[in-house]
Each structure stands twice: as C-alpha cells, then as structure tokens.
1. To check my understanding: the extent here is largest minus smallest coordinate of the Cα atoms along each principal axis. What are those three numbers for region 417-481, in Å, largest first?
2. Give me the distance between the Cα centres of region 10-86 and region 237-293, rounded to whole Å.
3. Which angle between 0 and 90 degrees, to the nearest 10, do you get for helix 267-278 versus the longest principal axis of the chain when only C-alpha atoms count?
4. Would you mind getting me the FRET efficiency between residue 441 and residue 339? Use the beta-carbon distance for r and R0 = 35 Å, nearest 0.05.
5. Between region 130-192 and region 206-220, what's the alpha-carbon centroid distance in Å?
6. Given R₀ = 56 Å, FRET efficiency for residue 370-residue 259 by Cβ-Cβ distance, to 0.05?
7. Using Cα atoms only, what is the angle between the long axis of helix 210-219 and the major principal axis of the chain, expressed in degrees (0 to 90) to the nearest 10?
8. With runs of 4+ DSSP H residues as the only contributors, calculate the mean residue ellipticity of the chain at 222 nm using -39,500 (n - 2.57) per run, divided by the residue total and rounded to the nearest 500.
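FYI, it's all coordinate maths here, none of it is from the lab. Values in this document were obtained by computation on a predicted structure and should not be read as measured data. Cβ coordinates were reconstructed from backbone atoms using ideal geometry, including for glycine residues, and neighbour counts include every protein chain displayed.
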Ligand code: KIV
Ligand code: ZN
C-alpha cells in the first residue's frame, strides 16, 4: 500500500450543492486555478449532465487546468456517463465518477429498484464508462448505511469491470470514527479484488465528525484518497474540510505516516476565495482558516508564544498562508503592479479589457481608501466578474439620509436589462430603505433568509462585505457585495442575489 494520500477536492460539485452556493462558470474556473496552485490531486469540477451550465463549467476547467486530474460526477446511466466523458475531452487527465445508491432505504424508497437491479446497473455503467475513460471512480451512495454483504458484491463487480477508485460515502453524516474506519477495513478485507482499486472516503458533517471519520477511514480502514471541500463547504452541515484534514495529516505525520502533495501556503487564499465567491462566511474560530485560528488573546498564551512559539502553536500560521494584513497597493500603484498582484493572487482575467475595467474600479476604491489589502482586491475582482457577465441588474449609484428621530430614506440608481432605473424608499434603516427602493421596481417577491456584514480587513476603515441570501420558489441564492460604504455594499449584494435568481439554471440533484 502506498504512503501517498490523494486529495480529491469536491468544492465545485458537492460544495456547490449547498443551497445558495452556486457559482458561475468563471468563478468556478478561478477556484479551480486556486485548487491547482494548491496542488490538489483531483478536482471534481461538477456534474456535467445536471445542467448545461455545469457541462460548460466542467469543460472549461478540463480545457484550462494542466496539473490536477479533472473529474465529473455522473449518475450510473449511459447518458450521464457519455455527457461527462464529452465535457472532460480536453483534460490532460480525466476521471469519471459514477454513483448509485446501495442502502436498503435509498434503493427501496428513492430508486424503487431491487438490489439485483442496482447491482446490474452499477456493473453495466462502470463497463460503459471504462470504454470512455481509463480512470473510473465508483461510489455506492449512502454506502455507510448499506448492508455489508450486498455492498461487497457491488464493489467486487465494479472493480472487475475496471473501476480504479472505490469511494465509500457517509452520505448523511451518520458514521462515528471507529465504526467508519472498521467499515472500510472490513470491506477491503472481504472484497476479493480490493487490492485492484484505491479506496476513498467521503464524509458529511451532520454530527460534526466528517474530518474525524475521514481520518479514521484512512488510519483504520487503509483508504488512500480523501474527498473534501475548502472550508468544509457542502449541503447541510457540509463536507470534510480540506484544510483540516490536510493539516492533520501533515502536523501528525508521526501518527499517520502519510504524505500529501498539497502546497499548504495557498490554503488561506483558497479559503477566502471560496468564502467571497459563495457568501459563506468562515466562522472566526474555524480550525486553520478562521480569523482567530492563530490569534492568542490571553496574556499567558501571548507570553508563552513570545518566549517559544511551540508552547501554544502546533502549526505555523505562515505555512498555511496567513500573513500579517499586508498593505499591497495604494493610490499611486500603476496598472502593472495591479496586474502582477492579480497574478500572485491566482486571479486570471481573460482579456485586457477586463483588466482595464478592474483597474478602473481599483483606482476608484484607492481614492476612497488609502490602504488596499489583498482581501480588497479579491472582493473587487469578484464584483468585477459579476458585472462583466452581462448580468440583468447592475448597481450605479446611491444616496441615503438618516438622522436620529427621522425615518431613513434612500434613493438608488441601478440598471435592469441595460435600462436605467431610479428608485426611492423609506425604511427602518438606510439598508432597509435602499433594498426596498430596489424591490419596489424589481418585484421579485423573494424572502430574505440571511443578511450579514463582515469587515474585510478587520477595522472600520475596511470595506464591508455583505452577504444576502434570498429564497424564491424553492430556490436559494447568495449575493455578495463589497464597498467601504456598507449601505452600498448591501445594495450590490441584493442586486447580485437578484441576478442569480434571474438566471433560471436548474440542476438535477446528485442526491435525493
Ligand atoms: O455524499 C454522497 O453520497 C455523494 C456521492 C454522490 C458521492 O456526494
Ligand atoms: Zn457527498
């Protein structure tokens, strides 16, 4: 057995399944580039057959990423598998990941299939996929709640048909570490051809144990691939977090004895990029990437760290990409310095026109804010990419008045389908007034299920980053907006969420 642990990132597929986390094609490519810089072994870029948008995203990523294997999810049927293979054509290294549920509950209630039918469909699908791609991963969905004898038969059959990776999902996050580790071990011992495939773990975090379960699957079960997402993004309580599992294996090499190829210095930038793109804010006390992960507030701890760092620190902040808030650019910085910083941050822009537009926005921001941090640039570029895609709604300007004892009032100008709209409204506060002024014209009827403000670089001089989550006709979308003025940031976030509601892309769910 090898001592290399394969890191399979599914931020762009399972992570994106989290309600509100949907990303545009270009946002996905930007994140894929960051994953490549991280040296992720396999990037699951999407579920090509689920929508045209997903197909195009997988194709774009397959055509542009050089170093990582690019994977598409696919249900176990010929149409989905052929679509995945088509989207992956341009990849240097491609993988098709096909799945079918194997637990009694899923087979009976969801698929309405007998176990024999499921076994037959799994076998046929892997046979079909193997003719299109050399690298095939098979997942028995809800594998952890499946009956062991039946699961062994399915796995043995798909390995015989040429599956090269066997992934055992704890789809509903029900496992506990020791039991999950032993489950993988039992499967590997009982499946006669188990040595012909790499074993993989895929854990959801419903009981907060996704990372622990994955590590047990590796340590006890002998799995050599972990499926994970940046920031643990994913449906419900999320997936196993990449940064936590990687740093656990690296920091405790004495215990795990495994190597991971991840370039950890890019972890924090990846975390920020995913959070800014999806609007899913990282909790301050989140391991590795939370703002407080390396902050020592108590006097005893500070004293200890100053005397000898390892008294209270088991990892070095700089090893995962934390740097003291760096002032990177200012008012006098030129276009070349801006362009170079974009490159260093892993942001690539398709055309000189896009760079010029982003640079103009940078200058505008630098006029209002003397110190520009990396976080400001990433926020500005996120805004720019939204504006550059011919979105339905775009922010133009806003003025608002609020005074103690008076009802706040806002006037806003925005475009809808290229046409300028002027709106005005009162509200409980200036943010409320501004969003009401937009809603009066748009009449989306959407319910706001979340509104949050975050200071991008920590002080009152910082830009405010606002996330707005809207729900309408069963769809949930997140909009993110950034500006030194939080009322403007709120209006931008609201328009961004409306843009996402406006784009009607529906996807086939991978589960359920
Ligand atoms: O959680 C799960 O079962 C999945 C499969 C589709 C691999 O994401
Ligand atoms: Zn999953």
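1. Reported extents, whole Å, longest axis first: 35, 29, 28.
2. Rounded to whole Å, the Cα centres lie 20 Å apart.
3. Taking Cα atoms only, the helix is inclined about 70 degrees.
4. Numbers: r = 37 Å, r/R0 = 1.06.
The pair residue 441/residue 339 has a calculated efficiency of 0.40.
5. If you average the Cα positions of each part, the centres end up 16 Å apart.
6. On the way: r = 45 Å, r/R0 = 0.79.
So, using R0 = 56 Å, E works out to roughly 0.80.
7. For helix 210-219, the angle is close to 40 degrees.
8. Numbers: 16 runs with 195 residues, N = 512.
It comes out at -12000 deg cm²/dmol, rounded to the nearest 500.
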